[in-house]
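What follows is calculated from the coordinates using simple rules that are stated; it is not laboratory data. What you see is a predicted model; the values in this text were computed from it and never measured. So basically every Cβ, Gly included, is an ideal-geometry build from the backbone, and we count neighbours across all protein chains shown.
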Amino acid sequence: MMMAVVLAVSAVVSYLMGGLNGAIVASRLFHREDIREKGSGNPGFTNYKRVYGNGLVTWLVLIFDVVKTMFVVSITAWVMWAYFDQWQFGAQFSGLCAMLGHCFPVWYRFKGGKAFMAGFATIWFVDWRMTLMAMALFLLVLFTLKYMSVASCTASLFCPIILPFLGVANIWVEILAIAGAALIILRHHENFAKLLRGEESKFSLKSKKAS
């Protein structure tokens with residue numbers, strides 16, 4: 001019963017916290033615009049960078065998406081570890097709720113981002129080894145193919161595949177990891193349609209502001 005209460009509170013808090021979007025806040029605060037009406041329309045780091053350039057605020061948007069998720073996930077993981085010895089399950093559960101909040105935020109009429117950075121922040125608390133391997137794969141694909149969408153989805157798909165080999169035996173952790181990966185991949189469906197049409201933009205670290 002107590003675990004159900006903890007998970008219910010975690011679900012609500014994680015969803016609401018995950019729904020806070022740095023790209024939307026920054027675009028409104030610094031440019032008096034809504035990033036969802038610019039570029040690709042996605043309120044995330046990549047689109048913010050393409051629209052507003054490679055400045056400090058752009059990287060703060062990225063950091064915010066990571067930190068907000070780590071905050072709620074770390075608290076849930078600690079509580080679940082302290083009382084139930086289920087920290088990996090708690091982390092994955094809270095992370096998925098934060099990802100859902102990021103994708104479908106009540107604060108912004110349920111129009112949010114694609115949750116890759118929220119997912120990346122989550123897996124650190126599930127298994128740090130998986131995080132390092134997923135990041136290495138992400139960077140390899142990103143700087144080889146230059147497509148952020150392909151790199152994000154490849155790394156996301158890798159995580160639930162590698163989990164059993166890292167000794168994570170909790171079936172619910174695996175199920176939640178699969179759900180998180182599926183959410184990220186589904187949120188990138190428009191990017192894959194653009195890839196097929198040859199219209200997907202390539203990622204670059206260079207500062208380039210759209211006209």
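Taken about its Cα centre, the stretch 1-146 carries a charge dipole of roughly 540 debye when the Cβ of each Lys and Arg holds +1 and the Cβ of each Asp and Glu holds -1. Across the stretch 93-205, the mean sequence separation of Cα contacts (distance under 8 Å, 6 or more residues apart), normalised by length, yields a relative contact order of 25 percent. A straight line joining the Cα centroids of the stretch 163-189 and the stretch 35-83 runs 20 Å.
Here the sum of -39500 (n - 2.57) over DSSP H runs of 4 or more residues, divided by the residues of the chain, equals -23500 deg cm²/dmol at 222 nm, to the nearest 500. Taking the chain as a Gaussian network of alpha-carbon nodes connected by springs under 10 Å, the highest mean-square fluctuation of the residues ALA182, ALA121, ALA151 belongs to ALA182. Computed over the chain with a Gaussian network model linking Cα atoms closer than 10 Å, the most mobile of SER94, SER14, SER74 is SER74. For the chain, hydrophobic long helices are taken as DSSP H runs at least 30 Å long by C-alpha position along their axis with mean Kyte-Doolittle hydropathy of 0.0 or more; these are 56-84. In the stretch 2-197 the Cα-Cα distances spread across 10 Å bins starting at 0 as 10, 37, 36, 15, 3, 0 percent of all pairs.
In the stretch 1-108, the alpha-carbon atoms span a convex hull of 87 Å³ per residue.
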